[in-house]
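The structure appears right after this line, and notes come after that.
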């Protein structure tokens, strides 16, 4: 059964592991549906986040609220270009 992840408050990144072990990172900006048995984690980028995890079962729909501790570290994206000099125009 697929799992639905929706970010209600804050900013977070979803890290998903591919079949061959590589990891993909996505900023969560809309509700997401993941296939069953897909390994994932949610990394908060703000002081706190509220995430709604839900999944459809053959019986009544069930929903859990999980408070995420801000223990995972976020490393900012570093630009891959270098500044070689400045251009000054004097009038």
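The values are calculated or read from the model by the stated rules, or taken from the named source; none is laboratory data. From a predicted model like this one, the values you see are computed outputs, not experimental measurements. A quick note on method: Cβ atoms are made from the backbone with ideal geometry, for glycine too, and the neighbour counts reach across all protein chains shown.
Number of residues in region 13-31 that are surrounded by 10 or more Cβ atoms within 10 Å (Cβ to Cβ), without any contact (Cβ under 8 Å) to a residue 40 or more places away in the chain and under 23 Å from residue 76 (Cα atoms) equals 11.
I'm checking my understanding of the structure. Among residues of region 52-65 that are in a loop (DSSP other than H, G, I, E, B) and loosely packed, with under 10 Cβ neighbours inside 10 Å, which one is modelled with the lowest pLDDT?
As a first pass, look at region 52-65 and keep what is in a loop (DSSP other than H, G, I, E, B): 56-61.
When the remaining residues are screened for being loosely packed, with under 10 Cβ neighbours inside 10 Å, the result is 57-61.
On the way: 57: 70, 58: 70, 59: 69, 60: 68, 61: 63.
Result: 61.
Okay, residues lined up against (1) part of a strand (DSSP E or B); (2) under 19 Å from residue 63 (Cα atoms):
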| position | (1), (2) |
| --- | --- |
| 1 | no, yes |
| 6 | yes, yes |
| 19 | no, no |
| 24 | yes, no |
| 30 | no, yes |
| 46 | no, no |
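Scanning region 34-51 for residues that are exposed (fewer than 12 other Cβ atoms within 10 Å of the Cβ) and either under 17 Å from residue 76 (Cβ atoms) or modelled with pLDDT of 90 or more (or both) yields 46, 47.
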